[in-house]
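Structure first, then comments.
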Amino acid sequence: MPSVSTQITYIVVGYAALVTILALVVALRRGERPRWLDQMVWMLELLLAFRALAGLSAFSGDGPDSTSTYVGYLLASVCVLPIAMKSIEGDRAVWSSAVVAVAAIAVGVLVVRLEMTA
């Protein structure tokens, strides 16, 4: 049975993929970024915070092979979405949904890499 952090990683990656797909659909339809997409991004951020807390358990015992790489992925995974949302805070134009899509896919990749370095 996979560890708790691995199970949370599966959930985060799946939800990040969902957010990415929905953000791309909104961007391709050329509509302004809906409020529900913002709410989905913040829910993904909450999941990432849970993943980060679970990721701290990697330091019990021997710890990860490369501590600096692991901590970098851990911090980056939590910081990407708030930075992206702050950059599009006052703008709900079409391209802002594309920014959400790029940030969500980046978070998915970061979490997978985080799991690989644990």
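The values are calculated or read from the model by the stated rules, or taken from the named source; none is laboratory data. A quick note: this is a predicted structure, and the numbers were derived from the prediction, not measured. Cβ coordinates were reconstructed from backbone atoms using ideal geometry, including for glycine residues, and neighbour counts include every protein chain displayed. Protein only, heavy atoms only, side chains kept; ligands, DNA and RNA dropped before computing areas. Shrake-Rupley method; radii C 1.70, N 1.55, O 1.52, S 1.80 Å.
Per residue, the accessible area of the range 1-104 comes to 56 Å², computed with a 1.4 Å probe over protein heavy atoms only.
Cβ-Cβ distance of residue 102 and residue 6, R₀ of 22 Å, FRET efficiency by 1/(1 + (r/R0)^6): the value works out to about 0.30. FRET efficiency for residue 89 and residue 29, Cβ-Cβ distance as r, R0 = 22 Å, nearest 0.05? Computed FRET efficiency for residue 89 and residue 29 comes out at 0.50.
Once you divide the Cα radius of gyration of the range 1-69 by 2.2 N^0.38 Å, the number left is 1.43. The accessible surface of the range 1-53, taken with every protein chain in place and a 1.4 Å probe, is 71 percent carbon and sulfur. Compared with the direct C-alpha span, the chain from residue 17 to residue 57 gains 11.9 nm at full extension, assuming 0.36 nm per residue. Given a cut-off of 25 Å, what percent of all Cα-Cα pairs of the chain lie beyond it? Cα-Cα pairs in the chain separated by more than 25 Å: 25 percent. Here the range 57-118 exposes an accessible surface that is 67 percent carbon and sulfur, computed with a 1.4 Å probe and the other protein chains kept in place.
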